[in-house]
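Computed from the coordinates by the stated procedures, all read-outs in this text should not be read as laboratory data. Everything quoted here is computed from the prediction, not taken from an experiment. Every residue, glycine as well, gets a Cβ built from its backbone with ideal geometry; the counts of neighbours run over all protein chains shown.
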Amino acid sequence: MAATTAQPAEASAAPTDKSDVVIETQNLTKVYRDFWGRQKVRALKALDLEVRRGEIFGLLGPNGSGKTTTIKLLLGLLFPTGGRAMVFGEDATSVKNKEKIGYLPEESYLYKFLNAEETLDFYGRLFDMPTAVRKERVAALIDEVGLNWAKRRQLKEYSKGMTRRIGLAQALINDPDLILLDEPTSGLDPIGTREMKDMILRLRDQGKTVLMCSHLLPDIQDVCDRIAILHHGELKELGRVDKLLTVQDVTQIRTKRLSEKAKDKIREIVKNDGAELLEIDNPTSTLEELFLSIVQDSEARPGRRASGGADN
């Protein structure tokens, strides 16, 4: 597939109903300074964003583009150098709405000597959840993230992927309305990555608002409704994923069992119309889709070896 250039976004206009805005930044700027107060790094420059209720919003950019800084500003873990960050209509530094927020950091800081049940029970206690509610919530989340088989193992025995799963469960223990996810698929294998993305989509189906950041393009493309692309702390693009990825001047026709004679007619029609025929070919799947289909087929029919359709 040829590389394409993103078209200007059409969805960056502010919504008419401000009550639908969960996150809003206005001219948000963050400058890190050295010991003497001199500017060291401008991590974020005049960021204007709105994240709406019930959507999955992606912050996309290479390492050092300002994604994690933005999340920390929204959590009130950092103070802005300039501008404002507001969550649920309140300043991000206010503690008023913290109980409505769940957060999965890029590196999960959990107590390694606790097991999964004890970990979630501990965080449930911090939210002063009643015992019965807490017990039910812990069991449901462990099942949701697929760790029932390891729920009584200490976290020090967990792999990176398992730690990410229990980290997500911890972020959801308080049943938050807004979930902030920093590199949620970090350390996961392809199956774990697909399951994590499915869990994020289910959060949206439950009416949650999700803000996630990643430098992995397929993760953002698969789950996000809208994205913002950051580079060197500046907002470079904003809009709906489907709009940004649509190549306006290319028309795609997909058929099944098209004969060579029909293909020749299509070539002739395109030529007579004065257009340029770029390609008539069989579509390809993605490596992720191929990998998952092979694994699922292997689980359904153990011992069977698939025959490849291409030369080795």
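Charge dipole of the stretch 26-109 (Cα centre as origin; +1 on each Lys and Arg Cβ, -1 on each Asp and Glu Cβ, all else neutral): 260 debye, rounded to the nearest 20.
Within the straight-line cut-off of under 18 Å between alpha carbons, the lysines reachable from K96 are K72, sequence neighbours fewer than 8 places apart in one chain being disregarded. Converting phi to 3J(HN,Hα) with the Karplus coefficients 6.51, -1.76 and 1.60 and the offset θ = phi - 60°, the stretch 162-179 yields 5, 5, 5, 5, 5, x, 5, 4, 4, 5, 9, 4, 8, 6, x, 7, 10, 10 Hz in sequence order, with x at every glycine or proline. Pairs exceeding a 32 Å alpha-carbon distance, out of K112/K236; K67/K243; K18/K160; K40/K112; K67/K156: K112/K236; K18/K160; K40/K112. Ordering F57, Y32, L44 by the projection of their Cα atoms onto the charge dipole of the stretch 14-65, which places +1 on the Cβ of Lys and Arg and -1 on the Cβ of Asp and Glu, puts Y32 at the extreme positive end. With the charge dipole of the stretch 128-258 set up from +1 on Lys and Arg Cβ and -1 on Asp and Glu Cβ about the Cα centre, the Cα lying farthest toward the positive end among the listed residues A132, L203, N174 is that of A132. The distance linking the stretch 146-225 with the stretch 27-50 is 29 Å (Cα centroid to Cα centroid, whole angstrom). Label sites at R153 and E234, each approximated as a point 7 angstrom past Cα along Cα to Cβ, lie 4.8 nm apart.
A P(r) calculated from all alpha carbon pairs of the stretch 18-245, with 5 Å bins opening at zero, reads 1, 7, 14, 18, 19, 16, 12, 8, 4, 1, 0 percent. Does the stretch 84-159 come out rounded, prolate or oblate, given a ≥ b ≥ c as the square roots of the eigenvalues of its C-alpha gyration tensor, rounded meaning a/c under 1.5 and, failing that, prolate meaning a/b above b/c? Because a/c hits 1.5 or more and a/b exceeds b/c, the stretch 84-159 counts as prolate. Report for the stretch 124-261 the percent antiparallel among DSSP-assigned beta bridges with both residues inside it, nearest 5. Taking every DSSP beta bridge with both residues in the stretch 124-261, the antiparallel ones total about 55 percent. Grab the beta carbon distance between I191 and E106, set R0 = 25 Å, and tell me the FRET efficiency rounded to 0.05. Efficiency at R0 = 25 Å is approximately 0.75. Per residue, the average separation of C-alpha pairs within less than 8 Å and at least 6 apart gives the stretch 209-279 a relative contact order of 15 percent.
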